[in-house]
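Trainee: So that we are looking at the same thing, I have put the structure below in structure tokens.
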Amino acid sequence: LDLSEGQRLLDVGCGTGAFLKEAQKKFPNARCMGIDASTDMLTEARKMADSSIVFTEADASALPFPNESVDFVLSILAFHHMPSGVKIRAIQEISRVLKKGGKFLIVDFGRAVTKWGAFNLFFLNWHSFTKGNMRLVEQELARWGLQRERQEWHRGFVESLLARKR
């Protein structure tokens with residue numbers, strides 16, 4: 001993550017805003033924004049965050065931002081909570097709000113690449129929307145004009161995927 005002065009960072013599924021708080025410290029001249037569908041999470045985020053971070057209650061499938069208005073979008077461990085239709089619409093929305101050349105980083109439960117990862121996913125796949133999570137995300141990124149730049153695995157089952165809007 002590298003943000004210049006005035007650039008806009010959006011965290012989709014920001015929860016309590018922990019990542020945005022750290023991002024604001026590192027990039028004090030950037031505009032940090034977070035959306036989450038949970039009123040409770042946003043209440044906690046607003047209590048503990050700098051007032052310069054804007055938190056909005058919204059669903060990932062209907063982002064309340066203009067077309068091509070955001071430089072960097074990220075989502076950390078939020079997509080596995082969304083049904084497939086919401087994931088597809090969320091990626092379409094992320095593509096819509098990203099500027100050309102803008103980046104999207106998603107970190108979420110994905111495909112196992114180690115035995116430890118397979119063990120963990122055995123249990124995580126019982127969660128309603130985890131199975132096939134990153135496979136669907138990857139498919140939809142290409143569909144909506146986002147080109148994969150880098151993909152990595154952590155702990156054998158957590159995928160991070162960085163894409164750029166063409």
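Trainee: Which Cα, out of Asn29, Thr43, Gln147, lies furthest along the positive dipole direction of the chain (beta carbon charges, K/R +1, D/E -1)?
Mentor: Gln147
Trainee: Could you work out how far helix 133-143 tilts from the main Cα principal axis of the chain, as a 0 to 90 degree angle to the nearest 10?
Mentor: 60
Trainee: Moving on. Could you do me a favour and compute the accessible area per residue for the stretch 5-116, 1.4 Å probe, result in Å²?
Mentor: Computed with neighbouring chains in place, this is 47 Å² per residue.
Trainee: Arrange the residues Lys99, Lys21, Lys115 by how much accessible surface each exposes, largest first, with a 1.4 angstrom probe.
Mentor: Lys115, Lys99, Lys21
Trainee: Determine the share of the stretch 33-89's accessible area contributed by carbon and sulfur atoms, expressed in whole percent, with a 1.4 angstrom probe.
Mentor: C and S atoms contribute 55 percent here.
Trainee: So how much slack lies between Arg155 and Glu57, counting 0.36 nm per residue of separation and subtracting their Cα-Cα distance, in nm?
Mentor: Details: separation 98, 0.36 × 98 = 35.28 nm, distance 3.12 nm.
This chain segment gains 32.2 nm when fully extended.
Trainee: Also, quick follow-up: Of the cross-linked pairs Lys26/Lys115; Lys26/Lys165; Lys25/Lys115, which ones have a Cα-Cα span greater than 30 Å in the structure shown?
Mentor: Over 30 Å apart, Cα to Cα: Lys26/Lys115; Lys25/Lys115.
Trainee: I'm spelling it out carefully: the read-out is P(r) over Cα pairs in 5 Å bins from 0, in percent, the candidates are (i) 1, 9, 19, 24, 23, 16, 6, 1, 0; (ii) 2, 9, 18, 21, 21, 16, 9, 3, 0; (iii) 1, 8, 14, 17, 15, 12, 9, 8, 6, 5, 3, 1, 0, and one was derived from this structure. Which label?
Mentor: (ii)
Trainee: Right, another one. Helix 115-124 sits at what angle to the longest principal axis of the chain, using alpha carbons and giving 0 to 90 degrees rounded to 10?
Mentor: Once rounded, one gets 70 degrees.
Trainee: As an exercise, find the ratio Rg/Rh for the stretch 84-145 from alpha-carbon atoms, using the Kirkwood inverse-distance average for Rh.
Mentor: Rg divided by Rh gives 1.04.
The values are calculated or read from the model by the stated rules, or taken from the named source; none is laboratory data. Everything numeric in this text was worked out from a predicted model, so none of it was measured. Note: ideal-geometry Cβ built from the backbone for every residue, glycine included; neighbour counts use all protein chains shown. Each accessible area value is taken on the protein alone, full model and side chains, heavy atoms only, with ligands, DNA and RNA left out. Shrake-Rupley method; radii C 1.70, N 1.55, O 1.52, S 1.80 Å.
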